[in-house]
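S.K.: If you scroll down you'll find the structure; I have some questions about it.
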Amino acid sequence: MAADITVNDKEVQDNLKKLLSKAQKGVINVLSGIAGEILRLSSFEVPHDTGLLQSSGGFEPQGEDVVVGYNKVYAARLHEHPEYTFQKGRKGKYLEDPIKKNIKVFLKFAGEGFKAEMGFK
């Protein structure tokens with residue numbers, strides 16, 4: 001005679017939803033940390049005349065991503081023209097170059113940060 005077994009997976013489903021939510025929040029936290037560091041590093045390279053461009057920098061979560069940048073109408077033009085000459089050793093590619101120079105550090109930070117966010121040692 002076969003035994004009747006009933007499996008209620010509601011608890012499993014609820015725990016999976018909690019885990020997914022925690023993982024998504026963890027990713028945003030880690031990406032926000034990286035975005036803050038990109039902004040800090042870029043502040044040494046961003047063209048600086050009156051300081052308006054530099055002071056417009058920021059980052060914010062957007063969906064599953066974090067966007068970092070400078071919020072002036074001329075920000076993209078100055079970024080995309082490294083041939084422009086700026087004072088005080090400032091230059092174009094002020095976001096791109098710090099990312100390229102530090103990608104290994106950012107990847108290591110992301111791995112360690114995500115492990116910590118998820119409670120792993």
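Just so it is clear, none of the values below were taken in a lab; they were calculated from the coordinates. Since the structure is predicted, the reported quantities are computational estimates derived from the model, not experimental observations. Positions of Cβ are generated from backbone atoms using ideal geometry, with glycine treated the same way; all protein chains shown enter the neighbour counts.
S.K.: Tell me which GluC sites (Glu not before Pro) from the stretch 1-89 have a DSSP coil assignment and no more than 14 other beta carbons within 10 Å of their own. Mind dumping the intermediate values first?
M.R.: Numbers: sites: Glu11, Glu37, Glu45, Glu64, Glu80, Glu83; in loops: Glu45, Glu64, Glu80, Glu83.
Answer by residue number: Glu64, Glu80, Glu83.
S.K.: Can you work out ³J(HN,Hα) from phi for every residue in the stretch 14-22, in order, using Karplus 6.51 cos²θ - 1.76 cosθ + 1.60 and θ = phi - 60°, giving whole Hz and x for Gly and Pro?
M.R.: 4, 5, 5, 5, 4, 5, 5, 4, 4
S.K.: When you take every Cα atom in the chain, what is the radius of gyration, and what is Dmax, the widest Cα pair distance, in Å?
M.R.: Cα-based Rg and Dmax for the chain come out at 21.6, 87 Å.
S.K.: Measure nothing fancy, just the Cα-based angle from helix 96-117's long axis to the longest principal axis of the chain, in degrees from 0 to 90, nearest 10.
M.R.: Once rounded, the angle reads 30 degrees.
S.K.: Going by amide H atoms built from the backbone, whose H comes under 5 Å of the H on Gly57, apart from near neighbours?
M.R.: It is Asn71, by chain and number.
S.K.: Loop-only check: which chymotrypsin sites (Phe, Trp or Tyr not before Pro) in the stretch 3-85 are DSSP coil with at most 14 other Cβ within 10 angstrom? The partial results should precede the final answer.
M.R.: Working: sites: Phe44, Phe59, Tyr70, Tyr74, Tyr84; in loops: Phe44, Tyr74, Tyr84.
The qualifying sites are Phe44, Tyr74, Tyr84.
S.K.: Further question: Specify whether the C-alpha gyration tensor of the stretch 66-108 places it in the rounded, prolate or oblate class, a ≥ b ≥ c being the square roots of the eigenvalues: rounded for a/c under 1.5, otherwise prolate if a/b is larger than b/c and oblate if not.
M.R.: Values: a/c = 2.81, a/b = 1.52, b/c = 1.85.
It comes out oblate by the Cα gyration axes.
S.K.: At what distance in nm do the modelled label points of Asp9 and Lys93 sit from each other, each positioned 7 Å from its Cα along Cα→Cβ?
M.R.: Calculated label separation equals 5.0 nm.
S.K.: Between Asn102 and Gln62, what's the calculated FRET efficiency when r is the beta-carbon distance and R0 is 25 Å? Round to 0.05. Please list the in-between numbers first.
M.R.: Numbers: r = 22 Å, r/R0 = 0.88.
In this case the efficiency is close to 0.70.
S.K.: Let me ask another. Quickly estimate the mean residue ellipticity at 222 nm for the chain, helices only: each DSSP H run with n ≥ 4 gives -39500 (n - 2.57), and the total goes over all residues, rounded to 500. Write down the numbers at each step before the final one.
M.R.: Working: 4 runs with 64 residues, N = 121.
Mean residue ellipticity, 222 nm, calculated: -17500 deg cm²/dmol.
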